[in-house]
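To keep things clear, I will list the structure first and then write my remarks on it.
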Amino acid sequence: MYKYLAVVALVLAYSAGNASAFWCFTCTTFNSTNCLVPDQNILLSECPPSPNVSAVTCFTRVVGQDVQRGCATTLTAEERDNCALVNNCQLCSNENETACNGNLFPHGRLHCHQCEGTTNSTCSDEILTEATPCLRFVADDQCVVQVRENSVVRGCLSENEQCRNNRDCHVCSGNGCNFRHFEYNAAGSVIAQVQLLVGAILLSAFVANKL
């Protein structure tokens with residue numbers, strides 16, 4: 001009997017030792033902006049093999065407002081089970097020994113134009129390039145343009161909370177909505193470019209004449 005148990009123990013140990021190790025991105029946007037869309041090998045880590053985790057290899061999840069990536073073997077069995085049931089967690093399986101948890105997560109997160117500069121810089125002009133994803137994840141996040149005297153800041157409301165109730169800011173909803181040129185007026189509020197203002201005046205006059 002003892003000899004049989006010893007053989008079983010050796011077989012299990014051999015199987016565990018021969019379980020293939022794998023690689024995953026292991027990082028968090030809390031301390032690394034590169035973790036938002038990781039494409040650098042420095043964020044890859046070799047994950048320890050585990051006989052309890054075979055179908056999945058890596059995970060990506062939202063913790064607070066930050067994205068966390070790592071090895072599925074570091075999650076408890078309960079965490080792995082719950083991950084398949086919620087929207088803010090995703091399990092995946094590597095193919096061709098390539099880390100599977102490097103995609104933007106969650107899918108469809110807000111993109112805004114993000115830059116800083118003076119009112120004479122390209123950041124002040126109407127933005128024609130593509131918007132980039134916000135670093136923090138907030139379900140109802142918005143894009144902002146903040147113009148204060150001779151400085152312009154474009155970005156995400158989740159990273160510029162002072163813009164929630166600030167006359168220096170223009171807040172909008174939708175991917176890349178903060179692309180327009182804005183100016184700072186003497187009253188301390190943000191106004192749209194002159195062409196838009198003139199157009200609004202002409203439209204109002206046209207409507208008044210029709211009445």
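The values are calculated or read from the model by the stated rules, or taken from the named source; none is laboratory data. The shown structure was predicted, so the numbers you read here are calculated from the model rather than taken from an experiment. Positions of Cβ are backbone-derived with ideal geometry, glycine not excepted, and every protein chain shown enters the neighbour counts. What goes into the accessible areas is simple: the full protein's heavy atoms, side chains included, and nothing from ligands, DNA or RNA. Shrake-Rupley method; radii C 1.70, N 1.55, O 1.52, S 1.80 Å.
Can you tell me which residue among Val138, Val144, Val152 is outside the structural domain of Phe30 (by the TED database), closer than 12 Å to Glu183 by Cα and either out of contact with any Phe, Trp or Tyr (no Cβ under 8 Å at 6 or more places or on another chain) or not charged (D, E, K, R) (or both)?
Val152
For the list (1) under 15 Å from Ala139 (Cα atoms); (2) open to solvent by 30 Å² or more (accessible area, probe 1.4 Å); (3) in contact (Cβ under 8 Å) with a residue 24 or more places away in the chain, I need the number of the one condition that Asn87 fails.
Every condition holds for Asn87 apart from (3).
Take the conditions under 26 Å from Leu44 (Cβ atoms), part of a strand (DSSP E or B) and either charged (D, E, K, R) or not assigned by the TED database to the domain that holds Thr33 (or both) and apply them to Arg109. Does it pass?
Criteria not met by Arg109.
Tell me yes or no: at least one residue of region 92-106 is in contact with a Pro (Cβ under 6 Å, 6 or more places away or on another chain), in contact (Cβ under 8 Å) with a residue 24 or more places away in the chain and surrounded by 18 or more Cβ atoms within 10 Å (Cβ to Cβ).
yes
Do we have any residue at all in region 199-207 that's modelled with pLDDT of 75 or more, more than 26 Å from Cys27 (Cα to Cα) and either outside any helix (DSSP H, G or I) or open to solvent by 50 Å² or more (accessible area, probe 1.4 Å) (or both)?
No, region 199-207 contains no residue that is modelled with pLDDT of 75 or more, more than 26 Å from Cys27 (Cα to Cα) and either outside any helix (DSSP H, G or I) or open to solvent by 50 Å² or more (accessible area, probe 1.4 Å) (or both).
Residues of region 150-179 being in a loop (DSSP other than H, G, I, E, B) and either on the phi > 0 side of the Ramachandran plot or basic (Lys, Arg) (or both), which ones?
Of everything in region 150-179, those that are in a loop (DSSP other than H, G, I, E, B) and either on the phi > 0 side of the Ramachandran plot or basic (Lys, Arg) (or both) turn out to be Arg167, Gly174, Gly176.
Find the residue count for region 139-151, including only residues that are out of contact with any His (no Cβ under 9 Å at 6 or more places or on another chain) and either under 15 Å from Asn175 (Cβ atoms) or crowded, with 20+ Cβ neighbours inside 10 Å (or both).
4
So which residues in region 130-146 are out of contact with any helix residue (DSSP H, G or I) (no Cβ under 9 Å at 6 or more places or on another chain) and touching a residue at least 12 places away in the same chain (Cβ under 8 Å), if there are any at all?
Listed by number, the residues that qualify are Glu130, Thr132, Pro133.
Specify which of the listed residues (Thr60, Thr74) is of a type in the set (Val, Ile, Thr) and open to solvent by 70 Å² or more (accessible area, probe 1.4 Å).
Answer to the selection: Thr74.
Arg136 fails exactly one of the following numbered conditions: (1) under 21 Å from Thr33 (Cα atoms); (2) exposed (fewer than 13 other Cβ atoms within 10 Å of the Cβ). What is the number of that condition?
Arg136 satisfies all of (1) under 21 Å from Thr33 (Cα atoms); (2) exposed (fewer than 13 other Cβ atoms within 10 Å of the Cβ) except (2).
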